[in-house]
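Engineer: This is the structure, below, for whatever I ask next.
The values are calculated or read from the model by the stated rules, or taken from the named source; none is laboratory data. Everything numeric here is computed off the predicted structure, so don't read it as measured data. Don't worry about glycine lacking a Cβ; one is built from the backbone with ideal geometry, like all the others, and counts go over all protein chains shown. Areas reflect the complete protein model, heavy atoms only, side chains present, ligands, DNA and RNA absent. Shrake-Rupley method; radii C 1.70, N 1.55, O 1.52, S 1.80 Å.
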Amino acid sequence: MAWNVVIAGGGFGGAMAARELERIMPRQSARLVLVNDVNFLLYTPFLPEAAAGTLEPRHVVTPLREILKRAYLRLGAIEGHDPAAKTVELRTRDGETETLPYDQLLLALGSVSRVLPVPGLAEHAVGFKGLADAIWLRNHLVETLEAANAAEDPARRDELLTYVFVGGGYAGLEALAELQDFAADAIESYPRARLHGMRWVLVEASDRVLPEIDPQLAEYALRELRGRGIDIRLGTTLEEVCADSARISTGETLPTRTVVWTAGVAPNPKLRDLRVPLDERGRVPVDEQLRVEGMDAVWAIGDCAAVPNPRGGTSPPTAQHAVRQGPVAARNIAAELGVGSPRRFEYRGNAAFVNLGRYKAVGRVGGLTFRGFPAWWLARTYHMSQIP
Ligand SMILES: Cc1cc2nc3c(=O)[nH]c(=O)nc-3n(C[C@H](O)[C@H](O)[C@H](O)COP(=O)(O)OP(=O)(O)OC[C@H]3O[C@@H](n4cnc5c(N)ncnc54)[C@H](O)[C@@H]3O)c2cc1C
């Protein structure tokens, strides 16, 4: 009888795990089922480029059916889990509920934008996590230029031409850098708006940007963006958002109609319904083989898991880590089913790149640091080679 292996979530971690299982599990020995709520993998490192239009939206997604060779893709949402019966509950796209049995279950459900109780945030700010957000933001930016060009009142132009990003991680910083480049070109077609000038503000609660990478690289990125006139406020929080302004912790009220919220991620809240242990941040704690603590047939990877980092602490929520955890989890699941031997997750994160707009980036590979065009070229080449 074939084993049932269910992978919940088909993003970076889940899709890579499925591919590895397809490769190593003998045919007929296992039924591989990948459950995902959409039928494509979004290559998030290129989302800022999709927003800025330097890449077409269709070039930053890959259909999961093209990635998978023999795993069965089930479209729908994982809604529940019964560890004793070894089943998960799937809600299909047409609203029906199905029960899927498993012998081994891998949780790779990713994360959601972290939302804080800031008044007006839900009503007036936008997130930056999916393709729809990227396209919306680009269209909105063009609309603000149109409206500012037509506006007679300078105060209204101020609101329209001030763009506030909250959160200085990968997503916020790269999105801001790309969109500022795009807007700097686009504004040439709007003479009255150009004369008024734009204002770009990044608000970050901690005392540094880019916690995902080492401090020197982050410092370089900060200097580069400040050199482009971006107003970066460290140690500052967003206090309130209204339709035409944002109040920050310095007491200032910024006139703006664009607040982009990219202040970190939180593990998928659906995990709370899945009867698995969670740490204080809502992540599933796993051991160095990626097995969920206290469970013998459940594994977890990526943004939804607290994975021990060989450098200490837990792995950061990055695609780089998720794509490497996927194959390790796959190997360990296979080993559990009698194929091969188990291994540990030992990736130390030796490379990092941050795009700072068109032809500009900063990056580190091993002990070498790259800046400007060479870093951009390396980052683009690396990412292109990684898109499945
Ligand atoms: C704008 C942006 C830029 C980024 N840039 C970088 C970068 O340059 N480098 C880098 O390393 N990382 C980057 N990241 C982070 C990276 O995207 C994540 O760390 C990575 O996606 C985590 O992989 P994952 O497999 O854990 O989750 P995901 O890739 O998010 O996959 C989770 C999957 O589960 C699906 N899902 C969710 N809930 C359910 C459910 N109930 N049932 C079924 N399916 C479900 C989702 O649709 C998704 O397909 C960026 C993120 C963003 C938002």
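Engineer: Between a residue in the stretch 41-70 that is not assigned by TED's automatic domain parsing to the domain that holds ASP133 and any residue that is among the polar types (S, T, N, Q) and modelled with pLDDT of 90 or more, which pairs come within a Cβ distance under 6 Å, given they are 6 or more apart or on different chains?
Structural biologist: LEU41/THR62; LEU64/ASN39
Engineer: Something else: Conditions: (1) surrounded by fewer than 21 Cβ atoms within 10 Å (Cβ to Cβ); (2) assigned to a strand (DSSP E or B). PHE165 meets all but one. Number of the miss?
Structural biologist: All conditions pass for PHE165, except number (1).
Engineer: Has the stretch 111-123 got at least one residue that is within 13 Å of the ligand (Cβ to nearest atom), open to solvent by 50 Å² or more (accessible area, probe 1.4 Å) and of a type in the set (Val, Ile, Thr)?
Structural biologist: Yes, that holds for at least one residue.
Engineer: Do we find that ALA330 is surrounded by fewer than 24 Cβ atoms within 10 Å (Cβ to Cβ), at pLDDT 85 or above and of a type in the set (A, V, I, L, M, F, W, C) in this structure?
Structural biologist: When the stated conditions are applied, ALA330 does not pass them.
Engineer: Would it be correct to say that THR92 is outside the structural domain of GLY172 (by TED's automatic domain parsing) and in contact with a Gly (Cβ under 7 Å, 6 or more places away or on another chain)?
Structural biologist: yes
Engineer: Another question about this same structure. Checking the condition farther than 26 Å from LEU64 by Cβ, free of Cβ contacts under 8 Å to residues at least 12 places away in the same chain and of a type in the set (A, V, I, L, M, F, W, C), which residue from LEU368, LEU356 passes?
Structural biologist: LEU368
Engineer: For the stretch 168-184, enumerate the residues that are farther than 26 Å from SER249 by Cβ and open to solvent by 10 Å² or more (accessible area, probe 1.4 Å).
Structural biologist: Answer for the stretch 168-184, where residues must be farther than 26 Å from SER249 by Cβ and open to solvent by 10 Å² or more (accessible area, probe 1.4 Å): ASP181, PHE182, ALA184.
Engineer: Quick check, is GLY95 at pLDDT below 95, surrounded by fewer than 20 Cβ atoms within 10 Å (Cβ to Cβ) and not aliphatic (A, V, I, L, M)?
Structural biologist: Yes.
Engineer: Name the residue that is farthest from the ligand (Cβ to nearest atom), counting only residues in the stretch 149-162 that are part of a loop (DSSP other than H, G, I, E, B) and open to solvent by 40 Å² or more (accessible area, probe 1.4 Å).
Structural biologist: GLU152
Engineer: Going by what's in this entry, would PRO63 be described as open to solvent by 40 Å² or more (accessible area, probe 1.4 Å), away from the ligand (no atom under 16 Å from the Cβ) and not charged (D, E, K, R)?
Structural biologist: Taking the combined requirement at face value, the residue does not satisfy it.
Engineer: Still on this structure, I have one more. Do we find that ILE135 is of a type in the set (A, V, I, L, M), touching a residue at least 60 places away in the same chain (Cβ under 8 Å) and surrounded by fewer than 17 Cβ atoms within 10 Å (Cβ to Cβ) in this structure? Don't jump to the end; show me each part of the working.
Structural biologist: Details: of a type in the set (A, V, I, L, M): yes; touching a residue at least 60 places away in the same chain (Cβ under 8 Å): yes; surrounded by fewer than 17 Cβ atoms within 10 Å (Cβ to Cβ): yes.
Yes, satisfied.
Engineer: Hey, does the stretch 269-282 have a residue that's among the β-branched types (Val, Ile, Thr) and either open to solvent by less than 10 Å² (accessible area, probe 1.4 Å) or closer than 24 Å to PRO154 by Cβ (or both)?
Structural biologist: Scanning the stretch 269-282 turns up no residue that is among the β-branched types (Val, Ile, Thr) and either open to solvent by less than 10 Å² (accessible area, probe 1.4 Å) or closer than 24 Å to PRO154 by Cβ (or both).
Engineer: Can you spot a residue in the stretch 130-148 that is closer than 30 Å to PRO277 by Cβ and in a strand (DSSP E or B)?
Structural biologist: No: the stretch 130-148 contains no residue that is closer than 30 Å to PRO277 by Cβ and in a strand (DSSP E or B).
Engineer: Name the residue, out of ASN149, ASN139, that is within 30 Å of THR237 (Cβ to Cβ), of a type in the set (S, T, N, Q) and not assigned by TED's automatic domain parsing to the domain that holds MET295. Lay out the reasoning, then the answer.
Structural biologist: Details: ASN149 fails: within 30 Å of THR237 (Cβ to Cβ).
Checking each option against the conditions leaves just ASN139.
Engineer: State which residue is nearest to the ligand (Cβ to nearest atom) when the search covers only the stretch 299-317 and only residues that are assigned to a loop (DSSP other than H, G, I, E, B) and surrounded by fewer than 20 Cβ atoms within 10 Å (Cβ to Cβ).
Structural biologist: By that ranking, first place goes to PRO316.
Engineer: Go through (1) under 30 Å from ARG27 (Cβ atoms); (2) free of Cβ contacts under 8 Å to residues at least 12 places away in the same chain one by one and return the number of the condition GLY312 breaks.
Structural biologist: (1)
Engineer: Related question: Is at least one residue of the stretch 189-205 outside any helix (DSSP H, G or I) and either within 12 Å of the ligand (Cβ to nearest atom) or among the basic types (Lys, Arg) (or both)? Before you say what the answer is, go through the steps one by one.
Structural biologist: Restricting attention to the stretch 189-205, the residues satisfying the condition of being outside any helix (DSSP H, G or I) are 190, 197-205.
Retained after the next criterion (residues that are either within 12 Å of the ligand (Cβ to nearest atom) or among the basic types (Lys, Arg) (or both)): 199.
Checked against the condition, which is being outside any helix (DSSP H, G or I) and either within 12 Å of the ligand (Cβ to nearest atom) or among the basic types (Lys, Arg) (or both), the stretch 189-205 yields at least one hit.
Engineer: Every residue in the stretch 25-60 that is of a type in the set (A, V, I, L, M, F, W, C), surrounded by 17 or more Cβ atoms within 10 Å (Cβ to Cβ) and more than 22 Å from TRP376 (Cβ to Cβ), please.
Structural biologist: The answer is MET25, ALA30, LEU32, VAL33, LEU34, VAL35, PHE40, LEU41.
Engineer: Given the conditions (1) more than 16 Å from the ligand (Cβ to nearest atom); (2) open to solvent by 20 Å² or more (accessible area, probe 1.4 Å); (3) assigned to a strand (DSSP E or B), and given that VAL241 satisfies all but one, which numbered condition is not satisfied?
Structural biologist: VAL241 satisfies every listed condition except (2).
Engineer: Return the only residue of GLU123, GLU188, GLU204 being under 13 Å from VAL259 (Cβ atoms) and among the charged types (D, E, K, R).
Structural biologist: GLU123
Engineer: What number of residues in the stretch 334-370 are under 30 Å from VAL298 (Cβ atoms) and either surrounded by 14 or more Cβ atoms within 10 Å (Cβ to Cβ) or modelled with pLDDT of 85 or more (or both)? Spell out how you get there, then give the answer.
Structural biologist: Initially, the stretch 334-370 is screened for residues under 30 Å from VAL298 (Cβ atoms), giving 334-350.
If we keep only those that are either surrounded by 14 or more Cβ atoms within 10 Å (Cβ to Cβ) or modelled with pLDDT of 85 or more (or both) too, we end up with 334-347, 349.
Within the stretch 334-370, residues that are under 30 Å from VAL298 (Cβ atoms) and either surrounded by 14 or more Cβ atoms within 10 Å (Cβ to Cβ) or modelled with pLDDT of 85 or more (or both) number 15.
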